[in-house]
Amino acid sequence: MNQSNNKTTHVAFFGTHTFAATILEALLSDPKISVDLVITQPDKPVGRKQEMQESPVKLIAKERGIPIYQPDKLKISDFKMQISKLPILQSEICNLQLGVVAQYGLIIPNSIINTFPHGILNVHTSLLPHYRGASPIQTALMNGETETGVTIMKLDAGMDTGPILAQKSVKIAPEETYTTLDAKLAKISSQALLEAIPEYLSGALKPTPQDNSQATYTKQLSREDGRVDWQKSAQEIYNQWRGLTPWPGVWTEKDGKRVKLLKLKQCENIKDIKDIASLPARQGYWIFDMNKIFVRCRSGILEIFELQVEGKNKQTAKEFVNGYGKILNN
């Protein structure tokens, strides 16, 4: 099929989170692209009250009146049934030509990939083959990387192993967090995707195989990954916080209580801390200096600005010291 003869590219979009919502908005802004179906994860209970929450991608699809499919698991028979119901198939002799996936969260089987004449393009937030897997942004930050990027690739049956269409790199600022880097990558991903789609469909842009010998991998994160090990350096723990905030968050335990560390930073001027030389040098020691909180690490000291004791509301360091500091005995 020569896409240059077609006025509109009919697309199915797979995505769930905020990053994916930005990609979806970009696709919807392109007059030559029609998003005819959105596939997103089922609504999930959130918060203490476990209220059902719709994904950012679903909210956009509802607002735009795009058909939505929310399976627990993708099956080709159910997927074909969803496609057969699309209004576009009843009004035009047309088919979904291309799939686009970004932060979807479920495995897309080969049988569904092959449903699309041009396959599915995946928006991945690393410079593949580095950082394949579920947590490339978080892992890059935790590892203290100074550069990352995005990759537009053809989806295959492997874990981010498909051939590459385009890549764009970006610098990581020393105080970059997951939230800011995610937004930055979403913006450049949108641009890279919209540039790649017409070139790919016309045949001008050819997929390039990845060098599997250079591959590195990331894992699915859990709350346990946020546990702070005070035997690590202040830089390592700060990088952990940069990558894992807001989710799953970084936390520690004191006197049997879980304490979530919401905002922290390396302390550069430790000489300003009162009586620092006379305080115990052991890792994990909490220092209360006026209305501030500092914690010793293997090397260096972290200052905690905001935190949350389990079962309590979040607090500033001043509020915590005045109210709950006594429960955390060193």
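The values are calculated or read from the model by the stated rules, or taken from the named source; none is laboratory data. Here the structure is a predicted model, which is why all the values come from computation and not from measurement. All Cβ positions, glycine included, derive from the backbone under ideal geometry; neighbour counts span all protein chains shown.
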Could you please let me know if residue 117 is in a loop (DSSP other than H, G, I, E, B), in contact with a helix residue (DSSP H, G or I) (Cβ under 9 Å, 6 or more places away or on another chain) and loosely packed, with under 15 Cβ neighbours inside 10 Å?
no
Six or more apart or on different chains, Cβ under 8 Å: which pairs go from a residue in segment 47-73 that's closer than 16 Å to residue 12 by Cα to one that's outside any helix (DSSP H, G or I) and among the charged types (D, E, K, R)? Could you list them?
58/43; 62/54; 66/36; 67/36; 67/85; 70/43
Considering only residues that are hydroxyl-bearing (Ser, Thr, Tyr) and assigned to a helix (DSSP H, G or I), look in segment 165-208 and name the one that is surrounded by the most Cβ atoms within 10 Å (Cβ to Cβ).
189
Does residue 35 meet the test of being under 27 Å from residue 137 (Cβ atoms), outside the structural domain of residue 311 (by TED's automatic domain parsing), among the β-branched types (Val, Ile, Thr) and buried (at least 19 other Cβ atoms within 10 Å of the Cβ)?
yes
Quickly run through segment 127-143 and pick out the residues that are in contact with a strand residue (DSSP E or B) (Cβ under 6 Å, 6 or more places away or on another chain), buried (at least 21 other Cβ atoms within 10 Å of the Cβ) and part of a loop (DSSP other than H, G, I, E, B).
128
Breaking point among (1) more than 14 Å from residue 102 (Cα to Cα); (2) surrounded by fewer than 21 Cβ atoms within 10 Å (Cβ to Cβ), for residue 159
(1)
Please verify whether segment 19-31 includes one or more residues that are loosely packed, with under 15 Cβ neighbours inside 10 Å, touching a Ser or Thr at 6+ places or on another chain (Cβ under 7 Å) and in a helix (DSSP H, G or I).
no
Hits in segment 44-64 - residues which are modelled with pLDDT of 95 or more and either within 19 Å of the chain's Cα centre (by Cα) or surrounded by fewer than 22 Cβ atoms within 10 Å (Cβ to Cβ) (or both):
54, 55, 56, 57, 58, 59, 60, 62, 63, 64
As an exercise: evaluate residue 150 against (1) within 15 Å of the chain's Cα centre (by Cα); (2) over 30 Å from residue 114 (Cβ atoms); (3) not in a loop (DSSP other than H, G, I, E, B) and give the number of the one condition it does not meet.
(2)
Checklist (1) over 20 Å from residue 155 (Cα atoms); (2) β-branched (Val, Ile, Thr); (3) touching a strand residue (DSSP E or B) at 6+ places or on another chain (Cβ under 7 Å) applied to residue 60, failing item
(3)
Quick test for you: out of 240, 231, 235, pick the one residue that is of a type outside the set (D, E, K, R), in contact with a strand residue (DSSP E or B) (Cβ under 6 Å, 6 or more places away or on another chain) and assigned by TED's automatic domain parsing to the domain that holds residue 317.
240
